[in-house]
Amino acid sequence: MSTVVKKSVSVPDIIWTAAEAEAEASHTTVSALVAEGLEYLLAIRAGLHAVRDWEAEHGAFSPEEIAEADAALDAAGVIRPE
């Protein structure tokens, strides 16, 4: 079992209210929802950093490479943020 830490964070009211509603609808806790959201955010940022580092060494991806990556993500069911 992993260690859990308890911290205090400040969140705008509108976001907290939406998080409470989503947690209730998903039969989970706001803490679990926040942990899941942070996990996703950190994974996305790690991927963006990896792309930036790769491009710094090899050059920017071509439009064809980006289209291929988009198609692979679409096939995998990855949803694009709006």
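The values are calculated or read from the model by the stated rules, or taken from the named source; none is laboratory data. What you are looking at is a predicted structure, and each value in this text was computed from that prediction instead of being measured. Please note: Cβ atoms are built from the backbone with ideal geometry, for glycine as well, and neighbour counts cover all protein chains shown. When the accessible area is computed, the model is the full protein with side chains, heavy atoms only, and any ligands, DNA or RNA have been set aside. Shrake-Rupley method; radii C 1.70, N 1.55, O 1.52, S 1.80 Å.
Would you tally the residues in region 48-82 being within 21 Å of the chain's Cα centre (by Cα), among the aliphatic types (A, V, I, L, M) and not in a helix (DSSP H, G or I)?
Within region 48-82, residues that are within 21 Å of the chain's Cα centre (by Cα), among the aliphatic types (A, V, I, L, M) and not in a helix (DSSP H, G or I) number 3.
If a residue must be surrounded by fewer than 12 Cβ atoms within 10 Å (Cβ to Cβ) and of a type in the set (V, I, T), how many such residues does region 12-37 contain?
Here the count works out to 3.
Taking I44 as meeting all but one of (1) assigned to a helix (DSSP H, G or I); (2) open to solvent by less than 90 Å² (accessible area, probe 1.4 Å), write down the number of the exception.
(2)
Report whether or not G59 is exposed (fewer than 11 other Cβ atoms within 10 Å of the Cβ) and modelled with pLDDT under 95. Don't jump to the end; show me each part of the working.
On the way: exposed (fewer than 11 other Cβ atoms within 10 Å of the Cβ): yes; modelled with pLDDT under 95: no.
So G59 fails the test.
Considering only residues that are out of contact with any helix residue (DSSP H, G or I) (no Cβ under 8 Å at 6 or more places or on another chain) and aromatic (F, W, Y), look in region 18-71 and name the one that is nearest to S8 (Cα to Cα).
The extreme case among them is Y40.
Contact list please: Cβ distance under 8 Å, first residue in region 54-82 and closer than 23 Å to Y40 by Cα, second residue open to solvent by 90 Å² or more (accessible area, probe 1.4 Å) and part of a helix (DSSP H, G or I), pairs at least six apart or on different chains.
none
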